[in-house]
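Nothing in this text is a laboratory measurement; each read-out follows from the coordinates by a stated rule. Please read these numbers as outputs of a predicted model, since none were measured by experiment. Using ideal geometry, Cβ is built from the backbone for each residue, glycine included, and neighbour counts are taken over all protein chains shown.
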Amino acid sequence: MPHLAIDATCLPQYDKLDRPTRERLLAATRKFRELSLDALYAHPDLRIRSLPAGQDPRIRTFRISDSWTGVMLAPESGETFLLVHLLPRESADAWAKDQRHDVNTVMGTLERRDAAALEREEARRGAMDRAAGESAASGWDAPTPMRRAAGGSTVLSAPTTTATAPSPPAPASTTSGAAASGAELFAHVSDHELRRLGVDAEIVNFCRSLSTAEELRMWAAALPQDQYEVLSHLADGLSVERVLREVVEPRRPAVGAVATDDYDTAIRHTRERVIVVNDDREIEDVLAGEFNAWRIYLHPKQRDLAYRPRFRGPAKVSGGPGTGKTVVALHRVKYLAEHLPLGGRVLLTSFTNALVETLKRNLGLLVTAELLDDVDVITADKFAMDVVKEVSPEISFWPDHDVRGLFANVAGKHDLPWSGEFLFQEYKHVVMAHGLTTLEGYLDPDARRGRSTPLDVQQRRDVWHAIAEARARMRRTTRLPALELHAKATQLLEERAEKPYTNVVIDEAQDLHPAQWRTLRAAVPPGPNDLFIAGDNRQRIYDTTVSFKQLGITIVGRSYPLRVNYRTTTEILAWANEIMRGQSVAELGESAPEPAGSTRSVLQGEAPELYGAPDEATELAALAERVRRWLADGVAAGDICVATRTRGIRNTVTKELRNRGLPAVVFNAQEDTVTEQSESVRVTTMHSVKGLEFRAIAVVGVTAEALPQMERVTDAEIDQNQHEADLAAQRSLLYVACTRAREWLYVSWHGRPSSFLPV
Ligand SMILES: Nc1ncnc2c1ncn2[C@@H]1O[C@H](COP(=O)(O)OP(=O)(O)OP(=O)(O)O)[C@@H](O)[C@H]1O
């Protein structure tokens, strides 16, 4: 029975089809699964046709409707058809005639090139060479393929392509004699090396004419996709060995040689661009817009990490905002769930309930319901609570702000020279962070490393006794603060011979407290594939620092940075990076920090819009106007989010937008989910947008008073280091909020702007 695969580069075209045409396409794709090969070719409605003699014999067109045509690749061997494009009937044949599909000789992937455009360029250069010496000044005939061959669609898998229409190339005075002029872009790479990297003879020859990375980019849509990626990395300055290791090797077939005439195998092997649909639901999902690019568009680096059979111990994926860490974590869970031993279970955890709900929904799109049964997707706190409740069902959470009150009470009662806040900080960042259970442990000179307020031995004794009293009072109730809950859960888990999980996957790992890490560490037996950690310390918005070494989590040699941002436009990312300029950020887990600016974005768009209002009322009026314009431009209300520094401002903004007739709701990441389509603009705090993304984000109230909000920053007199860590966390908060935007970012303030703002 034939199979249908879909080349994802044609999916943006799907958006252009009207509903009846979409339904007809769906009906047509169903026939590929239901009919035999002969019946398919003979089907009167489908009208499958070859191109005229002399053109690619593998290409077929089929009728979707009177005005739309599908173009597919029908391999001579095997029965897998690949849908490569959806085009208006009158342009389908011409497009198909120009394209050529080949199997990459090194990577075994199926690639498409605009053969006609490349031939024309070759002919043009030949003509110019013949006229060599006469004029080197003839203007470079700006190539059109980027605009044309894309056929209105965009190529999403190559990180250097753009998802918005590229601007027309500016005419350059370059001639085909780039090599001769000594300005050849790839002069440093030999033909032999290019061939090793899977660049074929035609493209080797072609790329010798290029002199700048910009020229290369203009040809993106005409060049075979994987070869283009190789060339763009070389153009960015990566070494041949590194491109081999990071781009070529992960794509190479695991076993066997590449058979360049086996298209069927190549289609199935091209996992970054091709989705082989297995059932009607999947076809409908893919075609009906339920499709999420990340389900198949894994960059080879992402795929290598997610689907690696074995890490010898804990492994960590880091990378700036939007680099696909969560996506990798989800695919890792898929791999682990598919390879579970009998009775095994996977824990996938993240920071807030909203994040966990989003993970759950996305995982549901990626794996079958059966596999989902073997995976728990919950916050670390919920997991700890479940463990403790098994032995003490009466236990409930004790919120942090109440716990602070308890320490204030103890400090007052004993008339201690330290504030309740100092005791709380000591409890949180020393006692609970190191899991100290004895006075001796607290007296150890190393215990307070990193704290800047010195305490002599007697003072330490006093502080210890005050903390011990507060903890004893906690134990007399049936409520436990999160940190105590984790300490208890860790103890219970360590006592158990059988651990509850086979693998633990942690997303948004940068904000976990050491007590939470200990619970997660104790939930899984140490060994291969035990912990898979995704996080980014630049996005740390809480005040805790973590030493993996102290927690017994060794990731040395298993730390992998991702560097391609798929979410945020280049313009927004560049602006947001300025918020962090000059900040030294320690990498999560003692690995070497990534150089700032090492992440690049695949998208381009508008620069962020900044507005400094004279007063709050004017700022709010301008926000309402901005939201109204987004809505008028066709951005759905559910794709818009407003982020504020505090809950109070969040509520004011929501009311204000509603008063002006705009749909707005309060969003709280601990209680709400973003999985359902919202008919309203979400208004939320900067803490609550962590890990999420929206097409349009407005970050408002970014005033000098709000960021940093000094009430939330530890007094330098209590602890200088903590003071700095708290300030850094607030700076990151702004960075996190701004990097949630996919296409539009609007930032406003009134009065004095925050010193964190690059304005
Ligand atoms: N290989 C890819 N191709 C296309 N889109 C991708 C790819 N990887 C991730 N994405 C998309 O990029 C966006 C960001 O991905 P993701 O949320 O996984 O990033 P992240 O690194 O976890 O972000 P953050 O740290 O900012 O929360 C998502 O919309 C995701 O679908």
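Given labels modelled 7 Å from the Cα in the Cβ direction, how far is it in nm from residue 67 to residue 670?
About 5.4 nm, to one decimal.
At a Förster distance of 35 Å, what's the computed FRET efficiency of residue 497 paired with residue 308, Cβ-Cβ distance as r, to 0.05?
After rounding, the FRET efficiency stands at 0.75.
For the chain, report the % of Cα-Cα distances exceeding 48 Å.
In whole percent, the long-distance tail amounts to 26.
Distance check, please: which entries in 382/488; 301/549; 389/499; 428/549 exceed 21 angstrom between their Cα atoms?
Long pairs (Cα-Cα over 21 Å): 301/549.
For the range 608-750, state what percent of all Cα-Cα pairs lands in each successive 10 Å bin, counting from 0 Å until the bin that includes the largest distance.
12, 43, 32, 10, 3, 0
Tally Lys/Arg at +1 and Asp/Glu at -1 over every other residue whose Cβ is under 14 Å from the Cβ of residue 487; what's the total?
Surrounding charge for residue 487 is +2.
Work out how much length residue 458 to residue 658 would gain on full extension: take 0.36 nm times their residue separation and subtract the Cα-Cα distance, in nm to one decimal.
Length gained, residue 458 through residue 658: 66.2 nm.
Based on alpha-carbon centroids, what's the gap between the range 487-563 and the range 322-340 in Å, whole number please?
Here the answer is 16 Å between Cα centres.
Give the long-range amide H neighbours of residue 339: residues separated by 5 or more places, or on another chain, with amide H under 5 Å away, using H modelled in the peptide plane at 1.01 Å from N.
For residue 339, no residues qualify.
Just to check I understand the Karplus step: with θ = phi - 60° and J = 6.51 cos²θ - 1.76 cosθ + 1.60, what whole-Hz values come out for the range 372-383, glycine and proline as x?
Going residue by residue, I get 4, 4, 8, 10, 9, 10, 8, 6, 4, 5, 5, 4 Hz, with x marking Gly and Pro.
How big is the gap, in Å, between the Cα center of the range 378-437 and the Cα center of the range 57-107?
Spelled out, the Cα-based centre of one part sits 63 Å from the other.
Would you grab the residues whose amide H sits under 5 Å from the one on residue 559? Only those 5+ places off in sequence or on another chain, please, with H modelled 1.01 Å from N.
Hits under the 5 Å cutoff: 316.
Among the lysines, select those whose C-alpha is under 24 Å from the C-alpha of residue 97, and discard any that sit fewer than 8 residues away in the same chain.
The qualifying lysines are 16.
With unit charges on the beta carbons (Lys and Arg positive, Asp and Glu negative) and the dipole taken about the Cα centre of the chain, which residue among 638, 429, 267 sits farthest to the positive side?
Checked the options; the winner is 429.
Under a no-solvent Debye model with one identical scatterer per Cα of the range 396-477, what's log10 I(q)/I(0) at q = 0.13, 0.27 Å⁻¹?
These q points yield log10 I(q)/I(0) values of -0.37, -1.56.
Report, by chain and number, residues whose modeled amide H sits under 5 Å from the one on residue 680, excluding near sequence neighbours (fewer than 5 apart, same chain).
For residue 680, whose amide H was placed from the backbone, the distant partners under 5 Å are 638.
Length gain on complete extension for the stretch residue 124 to residue 752, per 0.36 nm per residue less the alpha carbon to alpha carbon distance?
Contour length minus the Cα-Cα distance gives 220.2 nm.
With runs of 4+ DSSP H residues as the only contributors, calculate the mean residue ellipticity of the chain at 222 nm using -39,500 (n - 2.57) per run, divided by the residue total and rounded to the nearest 500.
Here the helix-only value at 222 nm equals -11000 deg cm²/dmol.
Using the Karplus curve 6.51 cos²θ - 1.76 cosθ + 1.60 with θ = phi - 60°, what ³J(HN,Hα) values do you get for each residue of the range 38-52, in whole Hz, with x for Gly and Pro?
So the Karplus estimates, Gly and Pro as x, are 4, 5, 5, 5, 8, 5, x, 6, 6, 6, 6, 10, 8, 7, x Hz.
Only residues of the range 77-117 count here: report those whose backbone N is under 20 Å from the spot 7 Å along Cα→Cβ of residue 42, or say none.
Residues 79 fall inside that zone.
Whole-Hz Karplus ³J(HN,Hα) for the range 653-659, in order, using 6.51 cos²θ - 1.76 cosθ + 1.60 and θ = phi - 60°, x for Gly and Pro?
Working through the residues one at a time gives 4, 4, 4, 4, 5, 5, 4 Hz.
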